[in-house]
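Values in this text are rule-based calculations from the coordinates and carry no lab data. Bear in mind that the values here come from a model prediction, so they are computed numbers and not experimental data. A quick note on method: Cβ atoms are made from the backbone with ideal geometry, for glycine too, and the neighbour counts reach across all protein chains shown.
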Amino acid sequence: MERFTVFGRPGCGFCVRAKEVLEKKSLNYRYVDIHAEGISKEDLEKTIGKPVETVPQVFHGKRYIGGFQELDAYLKTLTVKAC
């Protein structure tokens, strides 16, 4: 399975939850601290192709998933497909 990438920032509760749910499911992911990496909302907008107001912003491989709620829903579809 392709790796997940979570773009987040320190102090973000939903970023923490995104990492926790991926860890709980033993899924491979990379966390990118946008502040430490110097990534702006504008940079994320260019990558995603739409305005970015919040973090986390999550990708599965090159596929854009969305924020935490979209990630949670997406992971449930993966569980169903795996059965």
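Pairing residues of region 32-46 that are free of Cβ contacts under 8 Å to residues at least 40 places away in the same chain with residues that are among the polar types (S, T, N, Q), at Cβ distances under 7 Å and at least 6 apart in sequence or on separate chains, gives Val32/Thr5; Leu44/Gln57.
Evaluate the following for Thr77: is it touching a residue at least 24 places away in the same chain (Cβ under 8 Å), at negative phi and of a type in the set (Val, Ile, Thr)? Before the answer, list the steps.
On the way: touching a residue at least 24 places away in the same chain (Cβ under 8 Å): no; at negative phi: yes; of a type in the set (Val, Ile, Thr): yes.
The answer is no for Thr77.
Within region 3-31, the residues that satisfy the criterion of being in contact (Cβ under 8 Å) with a residue 12 or more places away in the chain, more than 11 Å from the chain's Cα centre (by Cα) and under 17 Å from Ile65 (Cβ atoms) are Cys12, Lys25, Leu27, Asn28.
Residue count for region 4-13 satisfying the condition of being surrounded by 15 or more Cβ atoms within 10 Å (Cβ to Cβ) and outside any strand (DSSP E or B): 2. Taking region 24-57, which residues are in contact with an Asp or Glu (Cβ under 9 Å, 6 or more places away or on another chain), among the aliphatic types (A, V, I, L, M) and either farther than 19 Å from Arg3 by Cβ or in a loop (DSSP other than H, G, I, E, B) (or both)? The answer is Ile39, Val52.
Candidates in region 32-57 are the residues that are under 20 Å from Val16 (Cβ atoms), of a type in the set (A, V, I, L, M, F, W, C) and more than 10 Å from the chain's Cα centre (by Cα); of these, the one that is surrounded by the most Cβ atoms within 10 Å (Cβ to Cβ) is Ile34.
For region 58-81, state whether one or more residues are surrounded by 14 or more Cβ atoms within 10 Å (Cβ to Cβ), among the hydrophobic types (A, V, I, L, M, F, W, C), in a loop (DSSP other than H, G, I, E, B) and more than 11 Å from the chain's Cα centre (by Cα). Within region 58-81, none of the residues are surrounded by 14 or more Cβ atoms within 10 Å (Cβ to Cβ), among the hydrophobic types (A, V, I, L, M, F, W, C), in a loop (DSSP other than H, G, I, E, B) and more than 11 Å from the chain's Cα centre (by Cα).
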